[in-house]
Amino acid sequence: MAVSKALVAGVAAAACVGLLVGGIIGHLGTRGVTEEQQHMVSTMERLTGGDWGEDDEINKKIINLVDPENIRKELKELTAKPHLAGSEQDDYLAEMIRKRFEAAGFDSADLVPYNVLLSYPNPSNPNLITLEEAGGGIIFTSKYKEEPLEKDDADPNFIHAFNAYSPAGDVQTDMGTGLVYVNYGREEDFEKLAELGVSVKGAILIARYGKIFRGNKLLHAQQRGAKGLILFSDPMDVALNGTTPQDVYPNSWWLPGSGMQRGSTFMGDGDPLTPGWPSTEHAYRLKEEEAELPTIPCQPIGYDDAKLILEKMGGTTAPEGWRGGLQGVAYNLGPQLIGDYKLRLTTHNYIKQQRSYNVIGTVKGNVEPDRYVLIGNHRDAWGYGASDPSSGTAQLIETARVVGSLLAQGWRPRRTLVFCSWGAEEYALIGSTEWVEEHVTKLQQRAVVYINADTCTSGTAFNPKGSPLTWQTITRLTKMIPAVRQEGSLYQEWAEYHRYWNRTEPKITTLGSGSDHAAFTFYAGIPSLRVSFTPDKRKHDISFPYYHTGYETFYMLDKIVDPGFRITQGCSRIATLLLRYFADALLLPFHLPQLPETMKNSLEEVKKANHDTLVAIYPKFPLLEEALDDFRDKAYQFDATLKERVKDMDPVTLRAVNDQLMKIEQLFLLPAGLPGRPDTRHTVFAPSQFNNYASAGFPGLVDLLYKIDTLQGKERADREEEIRKHISHLTIFMRAAEKFIKDVHLI
C-alpha cells in the first residue's frame, strides 16, 4: 500500500532523528555546549515531542480557569449600549477587545479597517405601515421600536426597525384590495398560492418570519412582481405559551407583541460593491446599481401590529398549515381587504460607505508558527445583541484570558493561534469575508481550522455543526467537560438529549451559512466548525424568540436563558480545548473517513428522488458513485495506517500528512463557484440556493435539479448540459481526493 511505504520511510527517518539527537547529546557530554548545538537539540525536541495528550494538566487548567463571573462581567459591558456596525459604540468595543487581547499577552493585536457599503434607516423619518379609510383618515400606524419593558431596554440610539439593504420606497394597495398573505414566503408557499389562483403580482405581501433566510423571502417576492413585503414574527413561532404580559418577556422566554426582527436582505456575502475582492482603500468598486441589491421595500413589524393588519384581510382562508397563533385572526390570503381600506408601506432606508473594523490578535506558535488555528465571532449587533453575537464575544474574550493565563505559566502553542472579532457580520458577513478575500492564498496554505463562536448561548441544547473532519474531535472533547445543566459530562448530557429521537449517538450536522465561517469553508475550503447551545427542540421546534429584536438584552440572558452563565462557560471550555487540541496535537485531529462517509450519505439523499433523472441525463453518473466509494476506501486505509505509525513519524512526514488532512476539502472547490453563486465554491457541503441558513449536500447538483421537470425546449437542454458538466466536475474532484492522500511524492 502506497501510504504504508511513505510512513515506513518516515519511521526510518524518525530513527535517524533519534540517533542524531542522541549523538548530539552524547557528544555534548564530552565537550562544551555551544549555543548552536543547544538550539539544535531544542529544535529536535520541539519538532517531535510535546503532543496534546502528553500533558493533561493543561486541559484540566483550561476547564478550571474558565470563569462564569468573568463572562457575565464582559457580557454586561458588551451589551451596555446598542452597537450597530459602523457606529461609534461598535468602534469602542473593537478597541476594548483589542486591549483585552493585549492584556492577555498576545504577540499582536490590531484593528483592521475596511470601507464597506452599509444600510441604515432614517432616524428622523421612521419606516411606517399605515391603514387608511376611504375618507382619508389613518386608522392604524405601525410601531418602529419595541416598547421598553425593563429599565435598561430603552436607549435613545437604539436602531429603528428596518431590513438592511431594502430600498427607500412608498407603495400602497388599491382601495379594498392588493394585500396577500404568503405564509413563510418559501418557494412552495408561492407555488401553493398559484395553485389556489391567488396572484401576488403588483401586491404588497405579508409573510411570517421563519423557516428560511429573510433575504430569500424578499427575493421570492421581488421575482414574482410584488411591490413590497411586510415581515412579522408569529406567536406560533415566538410566543407558544400565550401573548399576555405574564407569558412573555420580561417574565418568560417568549417574545412580546412589539418585538421586531431586524436583519439584512442582501443575498451575497461580503461588501456588495467588491464581490470576490477585499474592500481595501485601493479596491475597485461597483456602482451601487450594479450590486444586485433588493429593489422593493421590506419592513418588519411586531405581531401586535400584524394582527391589526391581518384582521382586515379577506379572500380565501389560508390552508391549515399556514394559520399561525394570532387569536381571532382567520389568516385569509387576500388580496381583498374587509372594508374600504388602503394599506401603505413607506421606507426611508439609505446606503452609505462606512468604515468597519476587524480585530485580529495572534499568539505565535513555537514550533509551526506558519500554521494557523483560528477562532472568531462577530461583534456588531442589531441592538444590544446579548445572545447574537455577544454571548459568543464574551466567551471569546474569556477564552483569550485563559490562553493568556497559560502563556504566563510558560505554555506556548505549537501552532499559531489567531483570535478574530469580525465587523459588520449582520449585514452580509462582511468583516470575515473581506479578510478571507484579502488573505485567501495564505489561508489556504496555512490555516488548519476555523472555530466560529457566534451566538454560543441561545438555549440549553448543545448543537455543534462543522466539517465532518471535525466531528470525532468535538465528540471526544465533550467527554472531558462538565455538563451545563446536570451532573456528569457534557457528552452525557448531549447524548441524553439525542436519545429523545432514539439516536444511539449524538448527532452533528454540516454547516449552513448565516455566520462568519462561510468564507472560510464555502469559499476557501478551510475546515470549520461552530459550537453553540440552542433552544431545546424536545420542548418546542422553534428558533430563538428574541432573535435580532430589542429584547435581546443582558437581562434576558442573565435572568432567563443562562442564569449563572454555566452554558456560556461550557461554550468557552470547549472552544478553548478545541483551540489547544488543534494547536498542540502532533497529528492534526481530523478524522478523514467521516468526510467521504458523510458525502456518501448526502449523495444517497440526492439519489432518492432523482436517480432515474440523473442517469437519463448523464449515463456516466455511476462513475461519480464509484469514485466516491474509492475515495472512501482509501480514506479508511489512510486512517488505519496513521493509527499504526503516528508515534514513529519524523517531522517531515508528519508535516506532509497534516497538510493532506487540512487541505483535503480544498479539492472540492469549484473555482468559478456554484452555478449562479460565485462566492460559494464548495461543491459538497454549502448552503441551499433557496435558504441561505440551511446546509445542503451536493448543493450545486440539488439546485440544478430543482424543478427540472417543469422545463422544456432549450431551457431544459441547457439545464441538462449544466448537470452533465457538474457531475463531471464532482467525479474529477473525487478522483483528485483519492490521489491526494497517496504518497506525497506521487502526482
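Below are the figures for this structure:
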| item | result |
| --- | --- |
| Sole residue being on the phi > 0 side of the Ramachandran plot, surrounded by fewer than 21 Cβ atoms within 10 Å (Cβ to Cβ) and under 32 Å from the mean Cα position of the chain (by Cα), chosen from Gly339, Gly276, Gly328 | Gly276 |
| Identity of the residue in the stretch 452-479, within 14 Å of the chain's Cα centre (by Cα) and of a type in the set (A, V, I, L, M, F, W, C), that ends up nearest to Arg538 (Cα to Cα) | Cys456 |
| Count of residues meeting criterion [charged (D, E, K, R) and in contact (Cβ under 8 Å) with a residue 12 or more places away in the chain] in the stretch 477-504 | 3 |
| Residue among Gly268, Gly263 that is in contact with a His (Cβ under 6 Å, 6 or more places away or on another chain), within 30 Å of Glu437 (Cα to Cα), touching a residue at least 60 places away in the same chain (Cβ under 8 Å) and not acidic (Asp, Glu) | Gly263 |
| Boolean, Pro121 is closer than 19 Å to Asn377 by Cβ and either in contact with a helix residue (DSSP H, G or I) (Cβ under 6 Å, 6 or more places away or on another chain) or surrounded by 15 or more Cβ atoms within 10 Å (Cβ to Cβ) (or both) | no |
| Qualifying residue in the stretch 563-572 (condition: outside the structural domain of Ala164 (by TED's automatic domain parsing) and either part of a loop (DSSP other than H, G, I, E, B) or within 26 Å of Gln445 (Cβ to Cβ) (or both)) | no |
| Members of the stretch 525-544 that are in contact with an Asp or Glu (Cβ under 8 Å, 6 or more places away or on another chain) and within 24 Å of Gly257 (Cβ to Cβ) | Ile542, Ser543, Phe544 |
| Residue within the stretch 230-240 that is in contact with a Cys (Cβ under 9 Å, 6 or more places away or on another chain) and at pLDDT 95 or above present | yes |
| Filter result for the condition that a residue is surrounded by fewer than 21 Cβ atoms within 10 Å (Cβ to Cβ), closer than 30 Å to Val436 by Cβ and over 19 Å from the mean Cα position of the chain (by Cα), over Leu704, Leu667 | Leu667 |
| Test: Pro535 is over 23 Å from the mean Cα position of the chain (by Cα) and assigned by TED's automatic domain parsing to the domain that holds Cys456 | no |
| Matching entry among Ala194, Ala207, Ala161, Ala203 (being surrounded by fewer than 16 Cβ atoms within 10 Å (Cβ to Cβ), modelled with pLDDT of 95 or more and of a type in the set (A, V, I, L, M)) | Ala194 |
| Per-region count, the stretch 711-747, residues under 34 Å from the mean Cα position of the chain (by Cα), free of Cβ contacts under 8 Å to residues at least 24 places away in the same chain and either crowded, with 17+ Cβ neighbours inside 10 Å or over 24 Å from Leu674 (Cβ atoms) (or both) | 1 |
| Pairs where the first residue, in the stretch 303-315, is among the hydrophobic types (A, V, I, L, M, F, W, C) and the second is assigned to a loop (DSSP other than H, G, I, E, B), C-beta under 6 Å, 6+ apart | Leu310/Val329 |
| Boolean, Leu131 is crowded, with 17+ Cβ neighbours inside 10 Å and at pLDDT 95 or above | yes |
| Pairs where the first residue, in the stretch 605-617, is over 17 Å from Glu722 (Cβ atoms) and the second is surrounded by 16 or more Cβ atoms within 10 Å (Cβ to Cβ), C-beta under 8 Å, 6+ apart | Glu605/Gly697; Lys607/Leu614 |
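Residues checked against (1) surrounded by fewer than 18 Cβ atoms within 10 Å (Cβ to Cβ); (2) more than 28 Å from the chain's Cα centre (by Cα):
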| residue | (1), (2) |
| --- | --- |
| Pro563 | yes, no |
| Ile567 | no, no |
| Arg573 | no, no |
| Arg580 | no, no |
| Asn601 | yes, no |
| Ala616 | yes, yes |
| Glu625 | yes, yes |
| Val652 | yes, yes |
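The values are calculated or read from the model by the stated rules, or taken from the named source; none is laboratory data. No experiment lies behind these values; they were computed from the predicted model shown. All Cβ positions, glycine included, derive from the backbone under ideal geometry; neighbour counts span all protein chains shown.
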